[in-house]
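J.: Please read through the structure below; I'll follow up with questions.
The values are calculated or read from the model by the stated rules, or taken from the named source; none is laboratory data. Predicted model only: the values in this text are computed from it and were never measured. No Cβ is skipped: glycine too gets one built from the backbone with ideal geometry, and neighbour counts run over all protein chains shown. Remember, those area values only see protein heavy atoms, side chains included, never the ligands or the DNA or RNA. Shrake-Rupley method; radii C 1.70, N 1.55, O 1.52, S 1.80 Å.
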Amino acid sequence: MRIILANPRGFCAGVNMAIESLERALQLFGTPLYVYHEIVHNRPVVERFQNRGVIFVDDVDEVPAGAHLLYSAHGVSPAIRRAAAERNLHAIDATCPLVTKVHLEATRFAREGYTIFLIGHEGHDEVVGTLGEAPDCIRLVQNEAEVEALDLPAGAKVAYLTQTTLSVDDAEIIIRALRRRFPHIVGPSRDDICYATQNRQEAVKELVPEADVVLVLGSQNSSNSLRLAEIARACGRPAYLIDGVREIHDGWFGGKETVLITAGASAPEEVVEECVDYLRRRFGASVEARTVREEHVSFPLPRELRLVNV
Ligand code: SF4
């Protein structure tokens, strides 16, 4: 067996920052420490913090007045910020700056009188947060059929934005459909789909022709991980999205020579290493790391953590 390890894979700059923020907040404030939603969409990461006394909540009302509440990498709506302020919570904002950029674009388009189409997945934490920036002006569109069903005239003042973790190709299809319906539609000056999502997808697309089977490390609720598995399947390869080595089935590798391994932006490198070690031991696999694109992105910790002295 030959393993191709896709690069880049795994943690992006936003996830690194969010996890470091939570580590730092634990150091500074101790437990109980509250996080609004999962810090990142990865089960092993969330469980590790739960075991250290971090409490993940889906409702600000679950947090006792005066406690510390950290916002996850996916961002929150202004209503959540207001609710936290009303409870006198000490908010720490670990929203990825690339998500914040989309929020700012939404408020700018709304201020300028646009109806905004947000291309994204209903119910995803990031989408809920972005919709909350201008709930009266933003509509979610998830596919071409929803674009066709829009009830606005072709000359309407419209703009589009996208979730940061979409499939580049799927988003392009929806953007093209929007342009057909609304030739004057405007969009963000640069793509909203973030560099990490694009690079991980590009690496899979480039390397998958050499593979017989693909393992994507990531959780089932991780949008960018799901997209990596979908891309591999669209190229005709079986692809399995798993949280870790315990979910591997040996039967996946019968008659398969080359395994491509990648990881979504919220999956820690140790889960990749555990899978590689297992395939080495079980199938005598050799490992080849292949870099499709270099990444040198990092984000500073939130202001609330930088300003605190221990
Ligand atoms: S996937 Fe992209 S937008 Fe999401 S946290 Fe990572 S860098 Fe930020």
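J.: Taking only C-alpha pairs under 8 Å that are 6+ residues apart, what is the relative contact order of the chain in percent?
T.: That works out to 27 percent.
J.: Note down the relative contact order for the stretch 170-310 as a percent, whole number, built from C-alpha pairs under 8 angstrom at least six residues apart.
T.: Once normalised by length, the contact order is 24 percent.
J.: A further question on this structure: So what is the accessible area of the stretch 199-310 per residue, in Å², with the probe set to 1.4 Å?
T.: Per residue, the stretch 199-310 has an accessible area of 49 Å².
J.: For the chain, what % of the accessible area comes from carbon and sulfur atoms, probe 1.4 Å?
T.: Of the solvent-accessible surface of the chain, carbon and sulfur hold 47 percent.
J.: Under the rule a/c < 1.5 gives rounded, and otherwise a/b versus b/c splits prolate from oblate, where does the stretch 137-184 land using the Cα gyration tensor? Working shown, then result.
T.: Values: a/c = 1.77, a/b = 1.58, b/c = 1.12.
Verdict is prolate for the stretch 137-184.
J.: Still on this structure, please answer the following. Over all directions, how big on average is the projection of the convex hull of the alpha-carbon atoms in the stretch 243-287, in square nanometres?
T.: 3.2
J.: Right, next: Is the stretch 106-187 rounded, prolate or oblate when judged by the Cα gyration tensor, a ≥ b ≥ c being the square roots of its eigenvalues, rounded requiring a/c under 1.5 and prolate requiring a/b larger than b/c? Could the numbers behind the result be given before it?
T.: Working: a/c = 1.68, a/b = 1.06, b/c = 1.58.
It comes out oblate by the Cα gyration axes.
J.: Taking a probe of 1.4 Å, how large is the accessible area per residue of the stretch 37-164, in Å²?
T.: Result: 44 Å² per residue.
J.: So what are the chain's ellipsoid semi-axes, whole angstrom, largest first, if each one is the square root of 5 times an eigenvalue of the alpha-carbon gyration tensor?
T.: One finds semi-axes of 33, 29, 15 Å for the chain.
J.: Over all pairs of distinct alpha carbons, what does the Kirkwood formula give as the hydrodynamic radius of the stretch 159-310, in Å? Numbers along the way, then the final one.
T.: On the way: mean 1/r = 0.0573 Å⁻¹.
Computed over the stretch 159-310, the radius equals 17.5 Å.
J.: Grab the other residues whose beta carbon is less than 11 angstrom from that of Thr258, score K and R as +1, D and E as -1, and report the net.
T.: Values: positive: Arg2, Arg237, Lys256; negative: Glu210, Asp212, Glu257, Glu288.
That works out to -1.
J.: Looking at the calculated P(r) for the stretch 1-119, what percent of the C-alpha pair distances fall above 19 Å?
T.: The calculated P(r) of the stretch 1-119 puts 53 percent of pairs beyond 19 Å.
J.: Quote the charge dipole size of the chain about the Cα centre in Debye, to the nearest 20; the model charges only the Cβ of Lys and Arg (+1) and of Asp and Glu (-1).
T.: Around 480 debye, computed over the chain.
J.: Also: If a/c stays under 1.5 just call it rounded; otherwise compare a/b with b/c (prolate if a/b is bigger, oblate if not). Do that for the stretch 188-274, with a ≥ b ≥ c from the square roots of the Cα gyration tensor eigenvalues.
T.: In terms of gyration-tensor shape, oblate.
J.: To continue, here is another question. What residue among Ser77, Ser219, Ser189 shows peak mean-square fluctuation when the chain is described by a Gaussian network model with Cα springs under 10 Å?
T.: Among Ser77, Ser219, Ser189, the largest mean-square fluctuation in the Gaussian network model of the chain belongs to Ser189.
J.: Something else now. Give the lysines reachable from Lys256 as a straight Cα distance under 30 Å; neighbours fewer than 8 places away on the same chain don't count.
T.: Counting by Cα, and skipping residues close in sequence, Lys256 has these lysines nearby: Lys205.
J.: In terms of Cα to Cα distance under 27 Å, which lysines are near enough to Lys157, apart from those fewer than 8 places away along the same chain?
T.: Lys101
J.: Follow-up. Please report how far the C-alpha centroid of the stretch 233-307 lies from that of the stretch 158-184, rounded to the nearest whole angstrom.
T.: Computed from Cα coordinates, the inter-centre distance equals 29 Å.
J.: Related question: Counting other C-beta atoms within 10 Å, and keeping those with at most 15, which DSSP coil GluC sites (Glu not before Pro) do you find in the stretch 26-96? Walk me through the intermediate numbers first.
T.: On the way: sites: Glu38, Glu47, Glu62, Glu86; in loops: Glu38.
Filter output for the stretch 26-96: empty list.
J.: Of Asn199, Asn42, Asn88, which has the largest mean-square fluctuation in a 10 Å C-alpha GNM of the chain?
T.: It is Asn88.
J.: For the stretch 210-310, which trypsin sites (Lys or Arg not before Pro) are in a loop by DSSP, counting at most 15 other Cβ atoms within 10 Å?
T.: Lys256, Arg293
J.: For the chain, modelled as a Gaussian network with Cα springs under 10 Å, which listed residue fluctuates most, Glu112, Glu230, Glu144?
T.: Highest fluctuation of the listed residues: Glu112.
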